[in-house]
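Report on the structure given below.
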Amino acid sequence: MSSASFNYVRATELTDALSQGKRPGAAYLAGGTDLLQLWKASLTAPQDVIDISRLPLADITRAGDRLVIGAMARLSDVAAHPEVKAGHPLICDAILASASGQVRNLATAGGNLLQRTRCPYFSDAGLACNKRDPGSGCGARDGENRHAVLFGGSSGCVATHASDLAVALAALDAEIAISSASGERQLALSDLYPLPGETTAPDSSLRPGEMITAIRIVGAERFAPHSTYLKIRDRASFEFAVVSVAAALRIEDGVIAEARLAAGGVASLPWRLGRSEAALIGRAPTEQAFAAAGELAIEGARPLEGNAFKIPLLRNAVIRALQTAGDQS
Amino acid sequence: MKDRTIARYEGVLKVTGQARYEGETSPEGLLHAALVESPVSCGELESLDASWATALRGFPTLVTHDDAASLKPSAATSLIREKAIHFHGQPVALVAAASLSEAREAAKAINVSIAARTALTQMDQALDQAYAPAMVGRFPAATRRGDSTRALGQAELVVRRSYTTAVNNHHPMEPHAVVCWWEGKKAVVHTCTQAIFGTRAIIAHAFEMPPADIRVLARYLGGGFGCKGQLWWPWMFWAMLASRKTDRPVRLELSRAQMFTLVGRRQETTQDLALGFVDGHLTAIEHDVVAQTSTHAEFSDSTAVYTRFLYACPNVTTRHRLVRTNEPQPVPMRAPGTAPGTFALESAMDEAAELLGIDPLELRLNNFADHDQENGRPWSSNSLRECYRVGAERFGWAERRTRSAAKIGRWKIGFGMATTLYPAIRQACRARVALRADGSLLVQCGTQDMGSGTYTALGQIAADALGLPMDKVTVELGDTDLPDGPFSGGSQVTASIFPAVDAATSKLRAVLTSIATSDPASPLGGKPPEDLEFADGMIRSRSGNAGERLTDVLARATSNGLEAEGEIPATDHQKLAATGMGYGAIFVEIGVDPELWEIRVRRVCGAFAAGHILNPLLARSQYIGGLIGGIGMALHEETVTDATTGSILGKSFTDYLIPVHADMPAFDIAMIDENDPHLPGGVKGIGMLGTAGIQAAIANAVNDAIGKRVRKLPIRIEDCL
Ligand SMILES: Cc1cc2nc3c(=O)[nH]c(=O)nc-3n(C[C@H](O)[C@H](O)[C@H](O)COP(=O)(O)OP(=O)(O)OC[C@H]3O[C@@H](n4cnc5c(N)ncnc54)[C@H](O)[C@@H]3O)c2cc1C
Ligand code: SF4
């Protein structure tokens, strides 16, 4: 139990929640599976906690080629939703590979995207960490860094983003809808996550008081026949990804017409593998094409002492994910 | 003695929440305690500024080294009497307050000032400072039989390899807790301990008070695995001092994070092993172990000890050395010594089999030790060859040639096997049985049930001896008001309580028999005592058609019931005519993804021979639990120290991986019943056997699957590349 106490406010209306949320030291509480753990470990100490879990933002709807997932939808409900299962199996795969059944019953889609990193230095208030405590340094860079990034790291932070769902959504070019007391805006999912700086490393680009209200995916059903989420981990379940790959293909007349690839566990954001994608277009879904995409995926990787194994792992994971996606019909 | 499948005596109490764990004791006026931890891993505590903390709500009380100055100096009190900082997170004070959150808030508000010194946080920074301890447990640290140097020089094949094992933490479900108070000069201590009498003795020593004035209770334990022992004592003492200072009951419970630092660990090892063979027979073994211990205490696992026993070999040299680091102190952890030791030895045997081009199972059979070569005496019993045979058959080891490296889906299949062993030991024990007028039986012994089935075993032994059904039996344990029982460790509780309960029930039987036979009014009057048996709640004549209910026999003599005590002294294992050892053969099938290097255990078969099995249901659960722990050590568990700060990283179950259900395969357990004439009741310990051997079996299977020999634990994705 934490010693720090906070004011708990249960919001019933969005406008009310947004006006409370803009106060300094306020935090939104959705499923609470991340926020409350961080609070217990004294890694965050909000003054006001605005419980938004009861806001009417949990609907999952499909209209035309557009799927909208309310930010308050529970992960288990998203994964079990018939429209998501039929048209966006990649999202179901990624969710069902996340956490455990109990956590998924509580955790929300919006909260999942905003969960903090699992870097072990971040999780210990006694250790140096720029992400938690800007300017304090980075314990992981020269310390234990098996979990660290291959791409986009800085001298200030080398932590990965932990969400599986975000990797699948990045591959599907999802957008998020954001509201605040001063209005609304849209953001491409990949723009939600900044790269780390030299002394700071915020987990998201949301401004204080902003709330994610929905996730939108447009025109992604065309990938449904050929998509897969591959998550590699040390044990069979209930572990964050060592490396993961979301792959989605559109195959037309035996040729890859479109390719989407995003990797998890390798950067501070879901890492889109643009060069691999480009190299696949116009080719038949063959072993050679997949192998070439795998090689391109690891170009520019910058390993640290403890995580070089992720380079061949990522290459092979891309190849395996493409094989699986290519095989389906 | 019968073997019977009896469900856990306390099972219903536990699953319905009626079993009260000691940390749940909530006396009136209870204060809650929190520990203030050192932010550095080496130095000297200078001062504590609690001025702000004491102004907080809940009237926190601070307990420090100054309060502990009144305690008698000993290893158990040194950390709270002396101000040296030995490891990161070492408690430097305790705060007690009206609520847990207030205590924690106050603990955080205390300013600790420490003169820090450069710390040594990794064993491999100081291998040159390794030193030899005198003993490893009850064994000498270094031994030499024959001349291994010469024999290695003359061997046809020498296999020389290094193996390493990681630090593991015990992590019982129930964290350590104490709820304690003083009644005048007497102390009542409800706490998680694997040794209530040991705990009482150490409290008596520290507080310089008569043991009779101290009552220690541990009626249920949510696991221990070796960590509910001496490292907990200093923090328990501080809680007792807080209670004395405030004149209120005090409760301290460790957090999961503190379970990584304060109560022990399985030490890391680096093991150099050399095996010499002539004609497929071992002619030499050298096993050299370096392991970590802390700067405030010394512990060495008996890692190389079992290398002295397992195989027939004329020339064996073993050695243990320790390196002191500013890290938490190790203690025994389930399968101490055998788990890391068999990983090295049984991996090396597999490597040798490969080089010799013979089946690993055959190599082991060829090198079977038919007697204890270290002590030059026979085994009390040894059914290891039977374990190999039964295990191989049930597992289908013969299919190895065709199945190895075959692919099922994405998995490359590998078969591996290894041996496990653990000595059969016994401690002093007293037990009391009381038959009441209504025919119910009370069995009492001051030992503990770690969750492994001691309640059931104790009740079952007594019930069987008197021919009573289990539902007539009440078992009491975990209280120093009861007769002195053994500590729970080393897999020897059942072996120790058996002879004590047997002695007590024998006395009762003798008295009851004589009441019946000496009373002409009894249907058994005048019958020869040897003709009588106790069964179905009666004393019956075996030869004739006569019998009398126990309650009726009892009523002939007394209306108060009868009581008897049994006692056995400690065993001097060195002086026994035969060496008692339990054995097992572990066979595993694993799958390795050859491109993604994930490893999953698909199937485990363990064939164990550990004396007479009292209750196959409990035994099976012990073996499976042990094997799961072994899978964790083989593939998942690793406690990592940050080199710079000395802090343990990832102190939670998110980071410290243990097997989840999806990692647990089908377990096929075979139990080979032994008739051991040397051991009382023929009972050997079983709790450790499952947790050793499996690590090497898995490493051997990985090699079988993908041709990659991994000589470190845990075996992770990156090791299979
Ligand atoms: C043991 C364990 C294992 C896990 N394993 C995995 C895994 O394998 N893969 C994986 O992807 N995740 C995993 N998780 C993480 C889990 O999925 C997240 O904790 C969860 O999704 C967070 O959602 P929540 O609704 O509970 O968020 P909360 O804890 O309520 O909030 C998380 C953060 O987001 C903010 N927030 C929440 N909703 C909004 C919103 N709509 N707008 C703005 N801010 C918001 C909160 O203020 C907080 O900072 C695991 C978690 C646990 C505890
Ligand atoms: S990698 Fe990032 S999160 Fe981890 S310690 Fe460094 S700054 Fe903190």
Three-way shape label, segment A:225-327, alpha-carbon gyration tensor, a/c 1.5: prolate
Compute the Rg/Rh shape ratio of segment B:116-197: radius of gyration over Kirkwood radius, all on alpha-carbon atoms. 1.18
Connecting C-alpha atoms closer than 10 Å in a GNM of chain A, tell me which of A:Asp65, A:Asp16, A:Asp253 has the biggest fluctuation. A:Asp253
If Lys and Arg each add +1 and Asp and Glu each add -1, what is the summed charge of the other residues whose beta carbon sits under 13 Å from the beta carbon of A:Ala170? -3
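Enter the mean projected area of the convex hull around the alpha-carbon atoms of segment B:572-695, in nm², rounded to one decimal.
Values: hull surface 44.8 nm².
Reported value for the Cα convex hull: 11.2 nm².
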per DSSP, antiparallel bridges as share of beta bridges in chain B, % nearest 5, sits at 75 percent
With a sphere of radius 11 Å drawn around the Cβ of B:Lys83, what net charge do the other residues whose Cβ falls strictly inside it have (Lys, Arg +1; Asp, Glu -1)? -3
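Under unit Cβ charges (Lys, Arg +1; Asp, Glu -1), what dipole magnitude, rounded to 20 debye, does segment B:426-570 have relative to its Cα centre? Could the numbers behind the result be given before it?
On the way: 12 positive and 19 negative charges, 55 e Å.
My answer is approximately 260 debye.
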Can you tell me the 0 to 90 degree angle between the C-alpha axis of helix A:310-327 and the longest principal axis of chain A, rounded to 10? 60 degrees
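Run the numbers on chain B and let me know its relative contact order in percent, using alpha-carbon pairs under 8 Å that are six or more apart. List each step's numbers first, then the result.
On the way: 1838 pairs, mean separation 119.5, N = 721.
Computed value for chain B: 17 percent relative contact order.
Can you tell me the dipole magnitude for the protein assembly as shown around its Cα centre, using point charges on the Cβ only (Lys, Arg +1; Asp, Glu -1), in Debye to the nearest 20? Could you put the intermediate results ahead of the total?
Numbers: 103 positive and 114 negative charges, 40 e Å.
Charge dipole of the protein assembly as shown: 200 debye, to the nearest 20.
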What is the mean number of Cβ atoms from other protein chains located within 10 Å of the Cβ atom of each residue in peptide B:649-658, rounded to a whole number? 5
Per residue of A:303-314, how many C-beta atoms from partner chains lie within 10 Å of its own C-beta, taken as a mean? 2
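From the square roots a ≥ b ≥ c of the eigenvalues of the alpha-carbon gyration tensor of segment B:426-570, which class results: rounded (a/c under 1.5), prolate (a/b over b/c), or oblate?
Details: a/c = 2.33, a/b = 2.16, b/c = 1.08.
It comes out prolate by the Cα gyration axes.
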Share of antiparallel DSSP beta bridges in the protein assembly as shown, in percent to the nearest 5? 80 percent
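What whole-number volume per residue, in cubic angstrom, does the convex hull of the C-alpha atoms of chain B give?
Values: hull volume 121.1 nm³, N = 721.
Value for chain B: 168 Å³ per residue.
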With Cα coordinates, the longest principal axis of chain A makes an angle with the long axis of helix A:287-297, in degrees rounded to 10, of 40 degrees
Average other protein chain Cβ within 10 Å of Cβ, residues A:235-242: 6
Beta carbons within 10 angstrom, averaged per residue: use that to sort the peptides B:224-236, B:41-53, highest first. B:224-236, B:41-53
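Quick one: work out the % antiparallel among DSSP beta bridges in segment A:7-54, nearest 5. Provide the component values of the computation, followed by the final result.
Values: 0 of 8 bridges.
In segment A:7-54, DSSP labels about 0 percent of beta bridges as antiparallel.
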State, in angstrom, two size descriptors of the protein assembly as shown derived from its alpha carbons: Rg to one decimal place and Dmax to the nearest whole number. 31.7, 105
With the contact rule set at Cα under 8 Å and sequence spacing of 6 or more, what percent relative contact order holds for chain A? 17 percent
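What net charge do the residues around A:Tyr193 carry, taking every other residue with its C-beta under 13 Å from that of A:Tyr193, with Lys and Arg at +1 and Asp and Glu at -1? Don't skip to the answer; put the middle values down first.
Working: positive: A:Arg116, A:Lys131, A:Arg272; negative: A:Asp191, A:Asp203.
Around A:Tyr193, the charge tally is +1.
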Filter chain B for me: DSSP H helices, axial length by Cα at least 24 angstrom, mean Kyte-Doolittle hydropathy not below 0.5. List them by residue number. B:493-518, B:616-635
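Students often check this: by mean Cβ neighbours within 10 Å, which of B:62-73, B:168-179 ranks highest, and how do the rest follow? Can you show the working numbers first?
Values: B:62-73: 17.1, B:168-179: 21.3.
Packing order, densest peptide first, comes out as B:168-179, B:62-73.
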In whole angstrom, and with the biggest value first, how far do the Cα coordinates of segment A:68-116 range along each principal axis? 29, 21, 15
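Which whole-number percent gives the relative contact order of segment B:426-570, counting Cα pairs below 8 Å spaced six or more residues apart? If you can, show how the numbers build up before the last one.
Values: 304 pairs, mean separation 49.2, N = 145.
The normalised contact order for segment B:426-570 reaches 34 percent.
Based on the Cα atoms of segment B:639-721, what semi-axes does the equivalent ellipsoid have, where each is the square root of 5 times one gyration tensor eigenvalue, given in whole Å with the largest first?
Computed over segment B:639-721, the values are 34, 20, 14 Å.
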Highest-first arrangement of A:39-49, B:507-517, B:80-90, where packing means the average Cβ count within 10 Å: B:80-90, B:507-517, A:39-49
Looking at the square roots a ≥ b ≥ c of the eigenvalues of the Cα gyration tensor of segment A:170-244, which shape do they give, rounded for a/c under 1.5, prolate if a/b is larger than b/c, or oblate? oblate
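Coordinate-derived values only; no laboratory data. Nothing here was measured: the structure is a model prediction, and the numbers come from that model. Neighbour counts run over all protein chains shown; Cβ positions are idealised from the backbone, glycine included.
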